[in-house]
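Undergrad: Sharing a structure below in structure tokens format, with a few things to ask.
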Amino acid sequence: MPSPTGAGMAAPVPKPRARYTIDRNLQNLQRSFTESVSVDEPDVNSRPEVPSEETDNPLNGRHDAVTESAGVGSRQPLLSSSASIDDYTSDSSDDVPLKPQEPVSVQQPNSTSTANESQTGNPQHGNDPVPTLVLTKPVKTKKPRAATIRVSRRKSSAAGPGAALPDTNRRESAVSRSGWLDVWKSRKHNVLWTTFDGQLMSLWKKRTDKFTEHVFHVSSITNVKQQDKGRFSIYFRKKHFEFMANTDAVQEGWVTSLHASRGREAPPLPQHHGPLTMKEPRSKVYAAICGHNLWIYNSKEDFNLGLGMTLVSMNVASVKQTGRHGFSLITPYKSFNFSADSSKDQTTWLNQLNEVIRSALSCSEVALRLWASPWNKVCADCGSSNPEWASINLLVVICEACAGVHRSIGTSRSKVRSLKLDSKIWTEPLIKLFIIYGNKASNNVWGHNVPAAEQILPDAGQEERDAFIKAKYCSGLYRKTHPLISNQTLLNQRLCEVVCGVDVEETLCLLCSGAKVLTDPQSPSAISIAENAGQALQTELLRHNEFIEAPTCNQQKQDPKQIGLEELHGKLEDERFLFSLENESAACDVLDLREVISIFNLSSGQTHEFEALTLMDSLCCTADAQDSLLSHMLHIIRVVMPGPLLDEELDGVLAVSRLFLREGGGLQHAEVWATLRPGEMLIYPTLPNTPCSVIPLKKNTHYSLHSQENTIELTAAEQTMYLQFERDQSCSSWFNLLPKAVSSKRRGIQRSLYMLPVGLSGSVPPELERCISHITLYGLKVEGLYRRCGTGTKINQLVKDLHSAPAETVLGTGELDIVDVAGTFKQLLRQMDELIPTPQRPDWAKAAAAALETDRLQQYRRLVSKLDPDNRATLAALCGHLYIVQLHSQVNRMTAHNLAVVFVPTLFQELAMNTDMVRLTKELIIHHTLVFLSHPEAVEDEIITVF
Ligand SMILES: [Zn+2]
């Protein structure tokens, strides 16, 4: 990738321009320089990375072929999905490479074997392969629009220092750094995301990749040379890498960091090493077990030079023997298949790897569990990664250096324990406290107002570290105090109230403001109150804070708002916002749009304004006209939201946020994206290809705000859900916009909970539509749905009611009610005057008997086109609905085959015993989009490509 100064490179293509006012702290002026700024001409018409992005998702292995092709358009209620707390760590929204659309080359032939990409486009088909072209919605591509918009940006420390400060926020002096760099290795050019932690330099294709393209320890470097034009070289004994940064300042930073890390001790010698053959793609590699990692090298020469391709951490891996000489190393993200030269070698590798896995696991179980929360993956005080210590009263996970300072301030302030060594202290409630609250909650309280200038970094000196940690925990300079802080009695009383409930964060805030666990010996202590209330987590937290001293009052600094206003210009470009000082001048800052977590349309009357929030900043954008506002806003929304979106889905959109959704009494959180529109809320699971669900909002929709937890409780369509936001600002904006959404009518066409293929005329009887919508909304998880018989009398009554007043009929949502509705649906279908008319049935039977699937599908299409429009629409709606039902077959046990067996008598009466007809019905379900597509001639080719 050329730099802005690179010679002979394509000039930037004019892009929409906008002016920005950036309200920032001067300290941060340089911050985003580590992000390289592309002047490649971006391919605005495509986002080719989208599919491969899925390979970043550790869950990838979990969605099968059926979900793989779930129609983007299919609507279904609520999070069906298996999203769990683990998913928290798989933040696929974070990023796709900013970049290299077309790396000038060329990766090494075997380097793909280490990258996740090897799985791309290779869905594992199950027993019911589904054509992968079924896209019933026309999907618009994302294009930045030309428009001018004013933006003011406020940097905030809301996320706190534990919030995994984006690497770009690190100061130039930091040893650890990251950014996109142009990389040449023996003339092969690539643009790679490069990170350096003071020891390892790692080069990745994408920021979210789990496995590197290249990785080496700083001790393998023989020399680092600074060159001109932002370039620098890193030498190894026989090879070298060339790098190019987009500015001299960035280059300077890298060189300084690399020089500063010279003299680091080399990692321990490998316990075992030797040649292996890697499969898929087949290539000879050299591997070494070093500490708790398996390093993979291109060749023995690279091994000797210390120039690795990638390393696999054994504490997430398991190993399995495969075949005579082979073995697989299985990680949550990818499996590596190797074969050894002999069965003796195979045995040695298996034994060695198993040994390492055992030892890696035994010493890090607590650490692994705590690190499951990304906030705990970095030191709460300085941000260095994989911290192995904790202060169990403050509820922070910290690095060794910070732990030293914590020890020095005494156990009356901080009780320091090791995650790996102090195994006894780690009770289940304590571990839960750290997983659920930990660094995130604690920094919300103790690090509430850390000025950027005072925040320390992993390379902070002893004095600086000392001062910061003392200011933070001894003086409480940055803490968020409780509103009752000025009255000790009320503070203590409040503590006794709060510990009876689940709000641990308020307890933290109270403790940090000086609420006493032990007060009057005559009255029960907060600990026994919490214990009696059955609050195990509160009890545990109080126990560790029994004799702790809190900082005294009045030492707190006011939130320092250092304002440095700057008028900047910016342009929207694919997934980035580029900022520059002058219009059309070189970019001086960049925002990866994928960092945006919330967008709000704040327009009213003549003002056209929207706000975009990242974890750190807020951007307030005002435009002169609604059009330009929308084009910018929708562009950002399309970049951040998972999957393609219809224009219709974004019509009138008021708010878009990433949030955690909890439904009903269940405690499972799932990360979703939600949009708020007039009259409805749409929930988009973050798993790829999972359909979104629609929550209608009406005047009687109840919602309330739990501001302590950044949560909105919402009761709509007979269900209660909790929306928990990452920032309090997102939460309050939603709360402010909800009245607007609730009071306005749904716009556009009334949507049903299923999609008819585009262009299909004809209509579905309202009573059937009602049943489909109801079952889609409430019944997908009912085991044996459609197979179980309902109560005859109830069904007859429902049939009667639905015929006379389909919209008003009350349909229950309990499991038995759903079974009745399903029975009603079948009965209504049977009562329809021959959905497939008797005279045509022999043709269907003939089609069903064809030997080739392609032939059968083509004949089905022909037969479907002969049906009258209403019957065709009804059959399409039925099959589309059953398609959705079988997507949930893991829960409801109704596979496409089971559903076909149930529905074949309804559709074909006397032919029901014919096994061909069962297959036909099953094929209608699985291939419904293809069969009911309205333009037969348009898909002939595709049919062929599918099978
Ligand atoms: Zn630290």
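The values are calculated or read from the model by the stated rules, or taken from the named source; none is laboratory data. Since the structure is predicted, the reported quantities are computational estimates derived from the model, not experimental observations. Please note: Cβ atoms are built from the backbone with ideal geometry, for glycine as well, and neighbour counts cover all protein chains shown. The area values use the complete protein model at the heavy-atom level, side chains included, leaving out ligands, DNA and RNA. Shrake-Rupley method; radii C 1.70, N 1.55, O 1.52, S 1.80 Å.
Undergrad: Tell me, which residue of segment 368-396 that is within 12 Å of the ligand (Cβ to nearest atom), among the aliphatic types (A, V, I, L, M) and in contact (Cβ under 8 Å) with a residue 60 or more places away in the chain is nearest to Arg417 (Cα to Cα)?
TA: The selected residue is Val396.
Undergrad: For Asp843, state whether it is among the acidic types (Asp, Glu), closer than 28 Å to Leu920 by Cβ and assigned by TED's automatic domain parsing to the domain that holds Leu899.
TA: The answer is yes for Asp843.
Undergrad: Right, something else. Could you look through segment 304-317, keep only residues that are open to solvent by less than 30 Å² (accessible area, probe 1.4 Å) and outside any strand (DSSP E or B), and pick out the one that is nearest to Val218 (Cα to Cα)?
TA: Within segment 304-317, the subset open to solvent by less than 30 Å² (accessible area, probe 1.4 Å) is 305-310, 312, 314, 317.
Restricting the remaining residues to those that are outside any strand (DSSP E or B) gives 305-306, 314, 317.
Numbers: Leu305: 11, Gly306: 9, Met314: 21, Ala317: 25 Å.
So the residue we want is Gly306.
Undergrad: Moving on to the next point. Return the residues of segment 457-506 that are within 15 Å of the ligand (Cβ to nearest atom), under 21 Å from Lys415 (Cα atoms) and of a type in the set (A, V, I, L, M); say none if nothing qualifies.
TA: Ala467, Ile469, Ala471, listed by residue number.
Undergrad: In addition: From the residues in segment 399-429 that are open to solvent by less than 10 Å² (accessible area, probe 1.4 Å) and over 14 Å from Leu368 (Cα atoms), which one is farthest from the ligand (Cβ to nearest atom)?
TA: Applying the filter and picking the extreme gives Ser414.
Undergrad: (1) touching an Asp or Glu at 6+ places or on another chain (Cβ under 9 Å); (2) of a type in the set (S, T, N, Q); (3) within 16 Å of the ligand (Cβ to nearest atom): which one isn't true of Asn337, the others all being true?
TA: (3)
Undergrad: Suppose the filter is under 30 Å from Phe725 (Cβ atoms), surrounded by 23 or more Cβ atoms within 10 Å (Cβ to Cβ), assigned by TED's automatic domain parsing to the domain that holds Glu540 and not hydroxyl-bearing (Ser, Thr, Tyr); does Val396 pass it?
TA: Spelling it out, it is not the case that Val396 is under 30 Å from Phe725 (Cβ atoms), surrounded by 23 or more Cβ atoms within 10 Å (Cβ to Cβ), assigned by TED's automatic domain parsing to the domain that holds Glu540 and not hydroxyl-bearing (Ser, Thr, Tyr).
Undergrad: In segment 330-357, how many residues are open to solvent by less than 40 Å² (accessible area, probe 1.4 Å), modelled with pLDDT of 90 or more and closer than 25 Å to His217 by Cβ?
TA: The total comes to 4.
Undergrad: How many residues does segment 284-302 contain that are open to solvent by less than 10 Å² (accessible area, probe 1.4 Å) and assigned to a strand (DSSP E or B)?
TA: First, pick out the residues of segment 284-302 that are open to solvent by less than 10 Å² (accessible area, probe 1.4 Å): 285, 287-289, 294, 296, 302.
After this cut, where a residue has to be assigned to a strand (DSSP E or B) as well, the list is 285, 287-289, 294, 296.
Number satisfying all stated conditions: 6.
Undergrad: Can you confirm whether segment 760-773 contains a residue that is assigned to a loop (DSSP other than H, G, I, E, B) and more than 25 Å from Ser693 (Cβ to Cβ)?
TA: Yes, that holds for at least one residue.
Undergrad: What's the number of the condition Cys496 fails, among (1) part of a loop (DSSP other than H, G, I, E, B); (2) surrounded by 15 or more Cβ atoms within 10 Å (Cβ to Cβ)?
TA: (1)
Undergrad: Pairs, please: C-beta under 8 Å, at least 6 apart or cross-chain, first residue within 21 Å of Leu634 (Cβ to Cβ) and part of a strand (DSSP E or B) and in segment 565-576, second β-branched (Val, Ile, Thr) and at pLDDT 60 or above?
TA: Once the first residue is within 21 Å of Leu634 (Cβ to Cβ) and part of a strand (DSSP E or B) and sits in segment 565-576, its partners that are β-branched (Val, Ile, Thr) and at pLDDT 60 or above give Gly570/Val151; Leu572/Ile636; Arg576/Val590.
Undergrad: Show the residue pairs meeting these rules: Cβ distance below 7 Å; 6+ apart or different chains; first residue within segment 465-477 and farther than 12 Å from Glu454 by Cβ; second residue charged (D, E, K, R).
TA: Listed by first residue and then by second, the contacts come to Tyr473/Arg413; Cys474/Arg413.
Undergrad: What about Phe232, is it aromatic (Phe, Trp, Tyr) and either within 20 Å of Ile296 (Cβ to Cβ) or not assigned by TED's automatic domain parsing to the domain that holds Asn304 (or both)?
TA: Judged against the criteria, Phe232 is not a match.
Undergrad: If you don't mind, there's one more thing I want to ask. What's the total number of residues in segment 439-456 that are small (Gly, Ala, Ser), surrounded by 22 or more Cβ atoms within 10 Å (Cβ to Cβ) and away from the ligand (no atom under 14 Å from the Cβ)?
TA: Of the residues in that region, 1 qualify.
Undergrad: Say whether the condition of being open to solvent by less than 10 Å² (accessible area, probe 1.4 Å) and closer than 13 Å to Thr921 by Cα is met by at least one residue in segment 820-836.
TA: yes
Undergrad: If the Cβ limit is 7 Å and pairs must be 6+ apart or interchain, which residue in segment 712-729 that is in contact (Cβ under 8 Å) with a residue 60 or more places away in the chain pairs with which residue that is of a type in the set (Ser, Thr, Tyr) and exposed (fewer than 15 other Cβ atoms within 10 Å of the Cβ)?
TA: Glu718/Thr813; Asp728/Ser707
A quick yes/no check of all residues on (1) open to solvent by 10 Å² or more (accessible area, probe 1.4 Å); (2) at pLDDT 80 or above; (3) within 20 Å of Asn736 (Cβ to Cβ); (4) of a type in the set (Lys, Arg):
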position: Cys621; (1), (2), (3), (4): no, no, yes, no
position: Leu634; (1), (2), (3), (4): yes, yes, no, no
position: Ile637; (1), (2), (3), (4): no, yes, yes, no
position: Leu654; (1), (2), (3), (4): yes, yes, yes, no
position: Ser657; (1), (2), (3), (4): no, yes, yes, no
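Undergrad: Report, by residue number, each residue of segment 459-479 that is surrounded by 20 or more Cβ atoms within 10 Å (Cβ to Cβ) and at negative phi.
TA: Result: Asp459, Ala460, Arg465, Phe468, Ile469, Lys472, Tyr473, Leu477, Tyr478, Arg479.
Undergrad: Might you let me know whether segment 892-899 holds any residue that is open to solvent by 20 Å² or more (accessible area, probe 1.4 Å) and assigned to a helix (DSSP H, G or I)?
TA: Yes, that holds for at least one residue.
Undergrad: Pick from Lys344, Lys320: which is in a strand (DSSP E or B) and among the basic types (Lys, Arg)? Please lay out each step first, then the result.
TA: On the way: Lys344 fails: in a strand (DSSP E or B).
Selected residue: Lys320, the only one of Lys344, Lys320 that is in a strand (DSSP E or B) and among the basic types (Lys, Arg).
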